[in-house]
1. Report the paramagnetic label zone for Asp246: residues of segment 297-329 whose backbone N is under 20 Å from a point 7 Å from Cα along the Cα-to-Cβ axis.
2. Work out the FRET efficiency for Lys55 and Asp344 from their Cβ-Cβ distance, taking R0 = 45 Å, and round it to the nearest 0.05.
3. Can you give the translational diffusion coefficient of the chain in µm²/s, computed by Stokes-Einstein from the Kirkwood radius over Cα pairs at 25 °C and 0.890 mPa s?
4. Let's see if you can work this out: charge +1 on each Lys and Arg Cβ, -1 on each Asp and Glu Cβ, no other charges. What is the dipole magnitude of segment 140-202 about its Cα centre, in debye to the nearest 20?
5. If one computes the Cα centroid of segment 368-383 and of segment 142-208, what distance in Å separates the two points?
6. Would you calculate, for the chain, the mean residue ellipticity at 222 nm contributed by helices, counting each DSSP H stretch of 4 or more residues as -39,500 (n - 2.57) and dividing by all residues, to the nearest 500?
7. Mind ranking 111-124, 83-96 by how tightly packed they are, going by the mean number of other C-beta atoms within 10 angstrom, highest first?
8. How far is helix 3-30 tilted, in degrees, relative to the longest principal axis of the Cα atoms in the chain, given as a value from 0 to 90 rounded to the nearest 10?
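What follows draws every value from the coordinates through simple rules; no lab data is involved. The shown structure was predicted, so the numbers you read here are calculated from the model rather than taken from an experiment. Using ideal geometry, Cβ is built from the backbone for each residue, glycine included, and neighbour counts are taken over all protein chains shown.
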Amino acid sequence: MNYLSKISVALGIGITLVTFGCQQNQKAEAQSVKTQNSANKQNISGATSEVKLDKIKLPPNFKIDVWAADIPNAREMAISEDGIVFVGNRQENKVYAVIDEDGDGKADTKFTLADDLHMPNGVAYKDGDLYVGEVSRIIRFKDIKNNLNNPKYEVVYDGYPTETHHGWKFIAFGPDGKLYVPVGAPCNICEPEKEIFASITRLDVDSPNPTPEIYAKGVRNSVGFDWDPKTGDMWFTDNGRDMMGDDVPNCELNHITEAGQHFGYPYWHEGTVKDPEFGDKGGPASDYVAPAAKLGAHVAPLGMRFYEGNMFPTEYKNQVIIAKHGSWNRSKKSGYVLTSLKVDGSSATDEKEFATGWLDEEAQEAWGRPVDVQELKDGSLLISDDMAGVIYRVTYSAK
């Protein structure tokens, strides 16, 4: 072999090794969590679901797939820095950790972290610890990533009301490091005796004796909130009351600008609709904070997030994406969609449908109900569905 040939071979081997190394590094990054077998670990790579993805309509160049199946009653999601997706549920007693270990864009592993909880709808992740919101308490799984095989929890606070009507929790950490926990009204419409009802509270989980502080009042039932990445302000969805007809009142998207604000319940709905039973007991509508956007009657807006990723087109940057779970007592069903809104300061406008198709409009039958949305590190969007028991993944690829 001549000198030039030897150089060519050497260069070829070097390029191959470099390419292989890059591929391995990319693979290693995608597989940042490798787990051991244990009694609470389940392989779900072959799990199937009866979903109708062909019915889902998205904007051009978007695609939806099932990211994880066999996630019964999948509700709120929280994601660790290395991609572990924690999932709560409302109708069962379990909390899951779901992982894509081989980096193929679909989950293949599910850990059951607990199976003795009371409506563990809410999950939040901070500094390596997983927090779960039950009806009356907040629990914590310390250093959860390193304890998936043998998860144990401690009680952080157990003094929230025990009423289950709107008692399930959506929880999340704010920019101040505190855990925000809503306490829904224990009724469709009433003037609760205890101040903590119909509120959003916040809890200092690092305190040796945490005590809820009421952060927002007059909030009937919030099951979704997030913070504007530009301003740090909190935004939340709120479910309107029932039994006032098909089209009244609207569910709401609200904007909090300071602690202690009152958003109207039970006296006023959607800012201008006076409650027929309790309206005369409150002050004028001007005493309360009107919604930033009206989302439609009975649509049941739940999880919402500001989109901060780079996968979707630039117009989605910092938009709010909301999961509308869908109506239960409207003569013609509403909701069962994802929508997006533009947020600028205190303004939320230009609501558009982002994903539709879970409801067969003609038959008035739903096969799925979106609950929460969360963003993966690559900018793709996860959507939980408590009816179909799956988590979807929405991706975008320009053509």
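1. Once the point is set 7 Å along Cα→Cβ of Asp246, 297-301, 325-329 turn out to lie under 20 Å by backbone N, inside segment 297-329.
2. Working: r = 33 Å, r/R0 = 0.74.
The computed FRET efficiency comes out at 0.85.
3. On the way: Rh = 22.1 Å.
Here the translational diffusion coefficient equals 111 µm²/s.
4. Numbers: 8 positive and 8 negative charges, 85 e Å.
Magnitude of the dipole: close to 400 debye.
5. The distance from the Cα centre of segment 368-383 to that of segment 142-208 comes to 22 Å.
6. Numbers: 1 runs with 28 residues, N = 399.
Calculated from helices alone, the mean residue ellipticity at 222 nm is -2500 deg cm²/dmol.
7. On the way: 111-124: 20.6, 83-96: 22.1.
Taking the mean over residues of other Cβ atoms within 10 Å, the ranking is 83-96, 111-124.
8. That works out to roughly 20 degrees.
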